[in-house]
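J.: Can you keep this structure in mind? I'll have questions shortly.
The values are calculated or read from the model by the stated rules, or taken from the named source; none is laboratory data. These numbers come from a predicted model, not from an experiment. Positions of Cβ are generated from backbone atoms using ideal geometry, with glycine treated the same way; all protein chains shown enter the neighbour counts. For accessibility, only protein heavy atoms count, side chains too; no ligands or nucleic acids. Shrake-Rupley method; radii C 1.70, N 1.55, O 1.52, S 1.80 Å.
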Amino acid sequence: MHYPENKELQHLFDNVENQLKKNLPFAIYRKPQQEELVGVFQADNELWSTDFKDKGFVFAPFDLSKGAVLIRPDETVKATHSFLKKLDRAEVALSEEGKKGHMTLVEKGIQEIGKGNLKKVVLSRRMEVSLTKSPLAIFDDLLQQYPNAFCYLFHHPEVGTWCGATPETLVKIKGGELWTMSLAATLPYEGNENPQWGSKEIEEQNMVSDYIREKLHHSMERLEIDEAKSIRAGNLWHLRSEVRGKMRPETDIQKVITTLHPTPAVCGIPTQDAMDFIMGNENYERTFYTGFLGELNLFAQNDISLFVNLRCMELNGDKATIFVGGGITSASNPLDEWIETQNKSKTMLGIL
């Protein structure tokens, strides 16, 4: 990447290229609606894990029992990156491969809900596609295309290379104040028409808000959950409620994180039953898809900014693996759920 007019940005991108060449760990990212890029670079290839009291960039899997990875900030570089070009959205040719398997999986989920074992379960699939762009070029395109998302590129020789543009905050904590969101439901963005939400989507979103209220209220002095609003993420609409509160002084931040993850938006309700169903039936291991990532005490103690790892891909040589999923409730229809995953896949396929 060449930005001769912006020396800070050139220095940051050169650092990324060097780390990739030397196969050393790093994370580079930009928060939603900001122009500041941050690069966190580790000087050795040690694999560090964290209990969320450390300082650095955290990259955590869906199954947190496998341990969250920490990139240690041996060097932290910041630069401004303004949005110079708007990419033309490529028309993506979608494959029907995997349709039967995914619809069968969804049918199983609906049956499990019908038996009363689950209220909601999030079921996903992965797709492998050929890769022609470098990781940094993909990251640069994500920055241009998704100003409202948390965009990142992550590499660790023991973990792999991941990038994405996620619309979902797991949690932000600063000075005892907590901020999160309740996000659910999906409809395609069509022209300038407002989305027409049905009872299935509204119920799904309410379920997530109720779950967050139930999980967090013990740890909070104050907790407020707003009405749901439609928000756009790329070519999709979602329903989102803002959640704010003040933590009790004795509340442990690690406990808040482990209480919120995995959210009903990526796992289901009840959490453990949904997780067991996913691990027993999805036919692949999610690893870091639907995990979380972000800043951990990087610029101040107890200042945390974490995002759910959605709209992401794993880069491996000349192949990229893309992950897509959707929330299944009693009102779900297997064909509609397949179409929803197809719509979601356009986000990352369009970038490639």
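J.: For a quick check of understanding: with a 1.4 angstrom probe and all protein chains in place, what accessible area in square angstrom does Glu75 have, to the nearest ten?
T.: The accessible area comes out at roughly 80 Å².
J.: Still on this structure, I have one more. Suppose the chain between Glu224 and Glu177 were pulled fully straight at 0.36 nm per residue; how much longer would it get relative to their current alpha carbon spacing?
T.: 15.7 nm
J.: Show me, bin by bin at 5 Å from 0, the whole-percent P(r) of the range 35-82 based on Cα pairs.
T.: 5, 20, 24, 20, 15, 11, 4, 1
J.: Counting residues in the range 194-352 as N, plug N into 2.2 N^0.38 Å and put the Cα Rg over that result.
T.: Values: Rg = 17.1 Å, N = 159, 2.2 N^0.38 = 15.1 Å.
Relative to the 2.2 N^0.38 Å estimate, the range 194-352 comes out at 1.13.
J.: Also, I was wondering about something else. Determine, for each peptide in 142-152, 93-103, the mean count of other beta carbons within 10 angstrom over its residues, then list the peptides with the highest first.
T.: On the way: 142-152: 21.1, 93-103: 12.8.
Result, highest mean Cβ count within 10 Å first: 142-152, 93-103.
J.: Also, I was wondering about something else. How long is the gain from Asn117 to Thr80 if the chain were fully straight, where each residue apart is worth 0.36 nm and the alpha carbon distance is subtracted?
T.: On the way: separation 37, 0.36 × 37 = 13.32 nm, distance 4.92 nm.
Roughly 8.4 nm would be gained on extension.
J.: Would you kindly compute the Cα radius of gyration of the chain and its largest Cα-Cα separation (Dmax), both in Å?
T.: 19.6, 62
J.: Still on this model: Alpha carbons only, please: Rg and Dmax for the range 77-157, in angstrom.
T.: Here Rg and the maximum Cα pair distance are 18.9, 53 Å.
J.: Of the listed peptides 22-32, 107-117, what is their order by residue-averaged count of other C-beta atoms within 10 Å, with the highest listed first? It would help to have the intermediate numbers written out before the result.
T.: Working: 22-32: 20.3, 107-117: 15.2.
Going by the mean number of other Cβ atoms within 10 Å, highest first, we get 22-32, 107-117.
J.: 7 Å from Cα along Cα→Cβ at both Thr259 and Glu242: what's the point-to-point distance in nm?
T.: 2.2 nm
J.: Additional query: Which peptide among 34-41, 118-125, 342-349 comes first, and what is the full order, when sorted by highest mean count of other Cβ atoms within 10 Å? Write down the numbers at each step before the final one.
T.: Numbers: 34-41: 18.2, 118-125: 23.0, 342-349: 21.4.
Packing order, densest peptide first, comes out as 118-125, 342-349, 34-41.
J.: For Ala184, what charge total do you get from the other residues with a beta carbon under 13 Å from its beta carbon, if Lys and Arg give +1 and Asp and Glu give -1?
T.: That works out to -1.
J.: Hey, what do the phi angles of the range 211-219 turn into as Karplus ³J(HN,Hα) couplings, whole Hz, using 6.51/-1.76/1.60 and θ = phi - 60°, x for Gly and Pro?
T.: Values, residue by residue: 4, 5, 4, 5, 6, 9, 4, 5, 8 Hz.
J.: Right, something else. For Ser65 and Glu8, what is the calculated FRET efficiency with R₀ set at 30 Å and r taken between the beta-carbons, to the nearest 0.05? Spell out each step's value before the answer.
T.: Numbers: r = 40 Å, r/R0 = 1.32.
Result of the calculation: an efficiency of 0.15.
J.: How many angstrom lie between the C-alpha centres of the range 249-290 and the range 26-56?
T.: 22 Å
J.: With θ set to phi - 60° and the Karplus curve 6.51 cos²θ - 1.76 cosθ + 1.60, what are the ³J(HN,Hα) couplings of the range 51-66 in order, to the nearest whole Hz, using x for Gly and Pro?
T.: 9, 6, 9, 7, 10, x, 10, 9, 9, 10, x, 4, 8, 5, 5, 7
J.: For Asp210, Asp63, give the ranking by accessible area with the largest first, probe 1.4 Å.
T.: Working: Asp210 85, Asp63 30 Å².
Highest to lowest solvent-accessible surface, that is Asp210, Asp63.
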